[in-house]
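The values are calculated or read from the model by the stated rules, or taken from the named source; none is laboratory data. Because the structure is predicted, anything quoted here is derived from the model rather than measured. All Cβ positions, even for glycine, are placed from backbone atoms using ideal geometry, and neighbour counts span all protein chains on display.
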Amino acid sequence: MRLLLNFAHRQAQRIQATVPRDRKEDIEKMNEESLLNDSELGRISIHHNARAKQMTFRCKDGQLACTVPVYATGRDVALAVNRLRDRLRRLLQRGKSRSVQSVFTPQSRIEADGFVFECRQADGGKPRVQEDARGMTFLYPAELDWTMPELQQWLTRVVEECLRRRAQRMLVPRLMQLATQRGLHPRHVNIRKTKSRWGSCSTQGNIQLSLYLMTLPPHLRDFIMHHELTHLMEMNHGERFHALLNQALGGQEAAMQREMKLYHPTLTLQ
Ligand SMILES: [Zn+2]
């Protein structure tokens, strides 16, 4: 069997392989979706697609998924899996590390100033969230299957949206207050779902804050905001930058920087 590998770059999100087109006898047996169980890679879902011209492997919700042309058989997939095993293993690992960032359980809890999240069992009804001044409560029926990826994704989304609304209400005015105290004028402030950093400041004076700042204690939110505001005076992280920042923080920069190591811009559940 001839294999054609299309790797755009090392961190490819999908792997493709061609399928020989001599399997007419199997076409009638095709279902729209089937499953392959691999002892090492786990369940691989197979999706037949009329427009597909080759096999494409992706990692979806921590599992491998393969889209194949209508004329491909389970055997074609099994052969491709064996040939591509090393690469598929890496694809799966990368996919899993992306998808397992937050897993909600009945004990999950976030306790931050202005945002408390907790789970509580409720009688009857569908799983639902209740928002109040303190934060958000997830009300769930006793028989809920917590392993459903759809549930985990939905919960992540509603919690992040709640954090975004609160960040808009609490962080933006706080940033403007700190700016005024220091006689600084950011051009624009916006809240983003950034997981790579807590905040940023552009040369045009636009400040972006990650909505995950809401999960930090207030003095560390201020620390990040002062950091970005200081960039309005000094773009780089040189000596002058740190002198200005340390002054704004009352000499606490190093201590706060150390404290920041305990936190990451993600949904950290207790
Ligand atoms: Zn910076």
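Considering the stretch 113-142, and only residues there that are at pLDDT below 90 and exposed (fewer than 11 other Cβ atoms within 10 Å of the Cβ), the residue that is nearest to residue 220 (Cα to Cα) turns out to be 126. Within the stretch 172-214, being buried (at least 18 other Cβ atoms within 10 Å of the Cβ), β-branched (Val, Ile, Thr) and out of contact with any His (no Cβ under 9 Å at 6 or more places or on another chain) holds for 189, 191. Selection over the stretch 104-136 of residues that are closer than 15 Å to residue 214 by Cβ and hydrophobic (A, V, I, L, M, F, W, C) gives a count of 7.
Let's see how each residue does on (1) touching a residue at least 40 places away in the same chain (Cβ under 8 Å); (2) within 24 Å of residue 149 (Cα to Cα); (3) loosely packed, with under 13 Cβ neighbours inside 10 Å:
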site: 40; (1), (2), (3): yes, yes, yes
site: 49; (1), (2), (3): no, yes, no
site: 52; (1), (2), (3): no, no, no
site: 68; (1), (2), (3): yes, yes, no
site: 71; (1), (2), (3): yes, no, no
site: 74; (1), (2), (3): yes, no, no
site: 90; (1), (2), (3): no, yes, no
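Are any residues in the stretch 239-270 surrounded by 14 or more Cβ atoms within 10 Å (Cβ to Cβ), modelled with pLDDT of 90 or more and of a type in the set (A, V, I, L, M), and if so, which ones? Answer for the stretch 239-270, where residues must be surrounded by 14 or more Cβ atoms within 10 Å (Cβ to Cβ), modelled with pLDDT of 90 or more and of a type in the set (A, V, I, L, M): 244, 245, 248, 249, 256, 260. For the stretch 233-270, enumerate the residues that are over 29 Å from the mean Cα position of the chain (by Cα) and in a loop (DSSP other than H, G, I, E, B). Of everything in the stretch 233-270, those that are over 29 Å from the mean Cα position of the chain (by Cα) and in a loop (DSSP other than H, G, I, E, B) turn out to be 233, 234, 238, 249, 250, 251, 252. For residue 145, the requirement of being part of a helix (DSSP H, G or I) and of a type in the set (D, E, K, R) is not met. The residue that is surrounded by the most Cβ atoms within 10 Å (Cβ to Cβ), counting only those in the stretch 98-112 that are modelled with pLDDT under 90 and assigned to a loop (DSSP other than H, G, I, E, B), is 102. Here the condition is being on the phi < 0 side of the Ramachandran plot, acidic (Asp, Glu) and within 16 Å of the ligand (Cβ to nearest atom); of 150, 239, it holds for 239 alone. The criterion of at least 1 residues that are within 15 Å of the ligand (Cβ to nearest atom) is met, among strands (runs of 3 or more DSSP E) falling completely within the stretch 168-229, by 199-201, 206-210.
Only a single criterion out of (1) of a type outside the set (A, V, I, L, M); (2) within 21 Å of the chain's Cα centre (by Cα); (3) not in a strand (DSSP E or B) is not satisfied by residue 118, namely (3).
Name the single residue, out of those in the stretch 145-156 being more than 13 Å from residue 117 (Cα to Cα) and within 13 Å of the chain's Cα centre (by Cα), that is surrounded by the fewest Cβ atoms within 10 Å (Cβ to Cβ). Per the criteria, the residue is 153.
One line per residue, one yes/no per condition, for (1) in a strand (DSSP E or B); (2) of a type in the set (S, T, N, Q); (3) closer than 22 Å to residue 156 by Cβ:
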| site | (1), (2), (3) |
| --- | --- |
| 58 | yes, no, yes |
| 66 | yes, no, no |
| 72 | no, no, no |
| 77 | no, no, no |
| 81 | no, no, no |
| 86 | no, no, no |
| 90 | no, no, no |
| 93 | no, yes, yes |
| 96 | no, no, yes |
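Looking for something in contact (Cβ under 8 Å) with a residue 60 or more places away in the chain, away from the ligand (no atom under 16 Å from the Cβ) and in contact with a helix residue (DSSP H, G or I) (Cβ under 9 Å, 6 or more places away or on another chain) - is there at least one such residue anywhere in the stretch 136-147? For the stretch 136-147, residues in contact (Cβ under 8 Å) with a residue 60 or more places away in the chain, away from the ligand (no atom under 16 Å from the Cβ) and in contact with a helix residue (DSSP H, G or I) (Cβ under 9 Å, 6 or more places away or on another chain): absent.
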